[in-house]
Amino acid sequence: MIEGRKNLGLGPYHAGDDPGALAGSLPDDRMSLRELFAILRRRWRLIVLSMGIVMGLAFLYLVQATPRYSATTLLLVDPIGKDLLHPDGGPTFAGSSSGTGVEIEVEILRSDAVLLDLIAAQALIDDPEFGPALSLIDKARLAVGLAVSEPSGADLVNATLARVRKAVEARRRGLTDLIGLSFTSRDPKRAADLANALAARYIALQVAAKSQSFLDATRVLEGQLDAAQAALTQSDAALARYVDDNLDRLVSESDAPGVGLLQARLARASEARLSAQQAAETAGLALQARDWSALVDALNTDALRALERQRDSLKRRLGGLAAGSDEGVDLRAGLARIEDRIAAEGAAALAGLRADVSDYTRSMDLLREDLRQELLTGDLSPETLSQLYGLQREATIAQRQYDTLLGRIRDLEAQALVQVADTRVVSPAIAPSGPSYPNTKLVLALALVGALGTGVGLALMNEFHIGGIHSGDQLANSTGMKVGAVVPEVALRQGQLSVADTVIDAPLSQFAESLRRLRASIDGSVPRPALSGLVIMVSSALPVEGKSVTSLALARTYAGAGKRTLLIDADMRKPTIHQHLGVEPSEGLFEYLSGTKAEVTAEDCYDLDPRAPLGVIFGRDRSGAPTDVLLQSARFRALVEDARQSFDVVVIDTPPMLPLVDAQYIAPMADCTVLCTRAGETGQADVRQALEQFTDHAAADAAVVAALTFGRPHAGSYSRSGYYTT
């Protein structure tokens with residue numbers, strides 16, 4: 001439970017104590033449920049008001065919030081890739097069903113590349129919901145007639161991307177290979193369509209990425225294929241060149257029966273190829289030059305010769321006609337047609353001739369291969385066999401490499417055409433029936449918890465830091481001072497001039513008992529001087545805290561206990577003790593200290609309490625001038641010292657500490673200060689500030705005792721006090 005200074009064993013507060021050090025120990029205190037409930041009961045209005053404000057804001061938020069709907073597409077990630085070209089050959093790669101692969105796909109789903117593809121496919125830049133909109137600043141500028149800068153294309157895309165990113169959520173479902181892809185929109189159908197569209201774009205991009213990877217690999221292998229083809233051509237050419245260059249020697253060394261025949265056939269094929277090639281070159285030049293005679297001679301076909309004869313006949317007939325005649329025009333047209341037919345027939349014959357050249361070339365290659373094989377079967381010298389075998393081996397290896405690369409390229413090209421995604425939709429999104437935002441129940445529940453927490457927090461903050469002080473324990477814990485008593489609030493009875501009369505009229509009341517408790521606390525806090533009386537200063541932080549009533553009641557309590565007691569009304573700014581006693585003194589403390597009337601002595605300000613054996617020095621009228629100089633005077637110090645020597649107890653009623661400086665000059669003369677604090681009214685900061693001022697000016701061994709005035713005991717306190725009090 002909350003423990004005050006007295007419960008913590010800190011003893012009475014003295015001027016030499018450090019208020020900050022004492023306050024720093026307060027967080028270690030404990031609070032009981034009873035004390036907490038008492039605080040909440042005292043601050044219930046603040047709690048209810050705070051909760052009402054928070055709940056009102058929550059309702060206002062729910063009313064103005066635009067409903068948003070979230071549609072979810074369920075995707076399944078296949079951790080094992082598929083190879084449609086080799087369905088029985090096993091997976092193309094090993095996936096990770098434990099989560100790595102799925103988490104990677106989740107991050108890809110949320111990537112800017114996928115979202116930008118969706119924005120382009122759905123034209124979301126022009127969408128009123130997801131497209132860029134004017135900011136509040138731009139709207140304000142337009143409202144006052146100021147120009148707004150035109151955003152760039154990149155700015156528009158980035159603004160749309162930011163909105164789409166907020167609307168998309170991709171999350172793995174537990175430890176499964178399922179991904180929930182959600183899209184949020186103001187329109188439920190739009191949310192479902194965009195969720196499905198995003199899933200479709202993601203799958204399409206996944207397929208495109210896989211196909212592109214195979215095509216990239218194909219381009220890499222194509223470079224290697226060109227090198228292998230060049231190596232194959234070079235190795236075949238080296239073998240053929242060796243055979244051709246050493247054919248006579250090889251034939252002479254070999255005793256194979258077919259070598260001579262193959263050599264003769266190769267020679268004939270070479271002559272035929274050379275003749276056809278020469279004819280094709282001549283015919284090509286003649287056709288290009290439109291030299292029809294040379295073309296016919298080079299190709300020497302019956303069709304061309306027949307066309308050549310017709311052409312010659314037309315030329316002869318054309319030569320005997322006059323220029324510009326109708327027959328001449330017809331003959332020229334016929335001649336042009338004949339030449340066009342010659343060109344077409346010549347081109348066809350030339351193509352056939354060139355095909356023959358190619359056939360002769362292939363035939364020669366086959367004959368060379370047969371000749372090489374036949375030579376190898378013959379009885380060649382070891383040196384020749386070694387050279388032929390090396391050349392043939394290089395050709396074989398080059399051919400194998402070329403075939404392998406070519407087959408792999410064709411396989412990759414086929415793979416690129418038949419790729420399927422590793423992710424598929426297992427449950428398309430449908431339009432949701434209810435909004436996902438705002439979550440009314442969750443908002444109200446959080447608002448209720450927040451409202452209650454805010455209310456309780458404000459109540460505790462107001463109780464311990466900001467608001468007024470309501471209990472003795474709170475006063476002790478917030479300031480570190482010893483609380484001498486909680487003086488209850490009592491009503492002025494009929495016939496009484498002051499509430500302080502209750503000490504005499506009702507000596508067994510709680511009010512009288514609290515003053516006796518305060519007296520006991522003072523006696524226990526300050527050791528009684530051996531040769532002089534006890535000087536007690538009664539002050540407060542602010543005005544109207546009951547210090548004058550407390551001063552009079554405390555002085556009467558000491559006087560009732562048989563102590564020679566003097567009460568000095570040193571509040572010359574607003575003296576009230578004479579009003580509480582119903583006395584109108586002729587002179588007061590101000591006149592005595594100021595010396596305005598030389599004949600005024602201390603005895604002229606002194607009188608007796610009509611209702612108690614108590615001596616009083618009155619303040620009389622309010623001073624119209626500053627009084628702090630008077631309180632610093634030697635006359636006032638002499639007055640206090642004389643009173644200390646003549647009385648057992650001297651009670652000095654002083655002005656409040658914060659608005660006036662008077663009390664700061666009285667504090668050094670006091671053995672103990674009673675700091676009155678009005679319950680529920682005086683702020684804790686004000687009390688601490690007043691305590692700091694006392695600490696700065698009081699004697700090092702001076703004690704301070706707090707008194708909580710106008711207290712209202714809570715239910716259960718003094719539960720049996722009526723047995724002893726009235």
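Computed from the coordinates by the stated procedures, all read-outs in this text should not be read as laboratory data. Treat the numbers as computed from the prediction; the structure is a model and nothing was measured. Here the Cβ positions follow ideal geometry from the backbone for every residue, glycine too, while neighbour counts run over all protein chains shown.
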Applied in sequence order to the range 289-302, the curve 6.51 cos²θ - 1.76 cosθ + 1.60 (Karplus, θ = phi - 60°) yields integer Hz couplings, x standing for Gly and Pro, of 8, 6, 8, 5, 5, 5, 5, 5, 5, 6, 8, 6, 10, 4
Label model pair residue 544, residue 173: point-to-point distance (7 angstrom along the Cα→beta-carbon line) in nm is 7.0
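Report the full-extension gain for the segment residue 207 to residue 341: residue separation times 0.36 nm, less the Cα-Cα distance, to one decimal in nm. Provide the component values of the computation, followed by the final result.
On the way: separation 134, 0.36 × 134 = 48.24 nm, distance 5.50 nm.
Gain on extension, residue 207 to residue 341, equals 42.7 nm.
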Between residue 358 and residue 107, Cβ-based FRET efficiency (R0 56 Å, step 0.05) works out to 0.45
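Tell me, in nm to one decimal, what length is gained between residue 564 and residue 155 on full extension, where the rule is 0.36 nm per residue of separation less the Cα-Cα distance? Show your work: numbers first, answer last.
Values: separation 409, 0.36 × 409 = 147.24 nm, distance 8.96 nm.
Here the segment from residue 564 to residue 155 would lengthen by 138.3 nm.
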Are there trypsin sites (Lys or Arg not before Pro) in the range 30-61 that DSSP marks as loop and that have at most 13 other Cβ atoms within 10 Å, and which are they?
30
Work out how much length residue 301 to residue 268 would gain on full extension: take 0.36 nm times their residue separation and subtract the Cα-Cα distance, in nm to one decimal.
9.6 nm
Rounded if a/c under 1.5, otherwise prolate or oblate - the range 153-194, Cα gyration tensor axes
oblate
Sequence-distant residues sharing a close amide H with residue 680 (under 5 Å, placed H):
469, 470
For the range 62-73, in order, what is each residue's ³J(HN,Hα) by Karplus, 6.51 cos²θ - 1.76 cosθ + 1.60 with θ = phi - 60°, in whole Hz (x at glycine and Pro)?
5, 6, 8, 5, 7, x, 10, 10, 10, 10, 10, 9
In nm, to one decimal, how far is the residue 244 label point from the residue 596 one, both placed 7 Å along Cα→Cβ?
14.3
Under 5 Å between amide hydrogens, which residues at least 5 positions from residue 647 or on another chain qualify, with H placed 1.01 Å from N in the peptide plane?
533
I'd like the Karplus ³J(HN,Hα) series for the range 570-585: coefficients 6.51, -1.76, 1.60, θ = phi - 60°, whole numbers in Hz, and an x wherever there's a Gly or Pro.
8, 7, 6, 6, 8, x, 9, 4, 5, 6, 5, 9, x, 10, 10, x
Apply 1/(1 + (r/R0)^6) to the Cβ-Cβ distance of residue 197 and residue 65, taking R0 = 30 Å, and write down the FRET efficiency to the nearest 0.05.
0.70
Those GluC sites (Glu not before Pro) from the range 524-609 that are DSSP loop and have at most 13 other Cβ neighbours within 10 Å turn out to be 599
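Which of the trypsin sites (Lys or Arg not before Pro) found in the range 432-523 are in a DSSP loop and have at most 15 neighbouring Cβ atoms, other than their own, within 10 Å? Please report the intermediate quantities before stating the final value.
Details: sites: 441, 482, 493, 516, 517, 519; in loops: 493.
Of the trypsin sites (Lys or Arg not before Pro), the ones in loops of the range 432-523 whose Cβ has at most 15 other Cβ atoms within 10 Å are 493.
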Distance in Å, no decimals, from the C-alpha centre of the range 285-328 to the one of the range 193-209 is 69
Simple spin-label model, 7 Å along Cα-to-Cβ: residue 313 to residue 330 in nm?
1.5
Overall form of the range 231-417 per C-alpha gyration tensor (a/c, 1.5; a/b vs b/c)
oblate
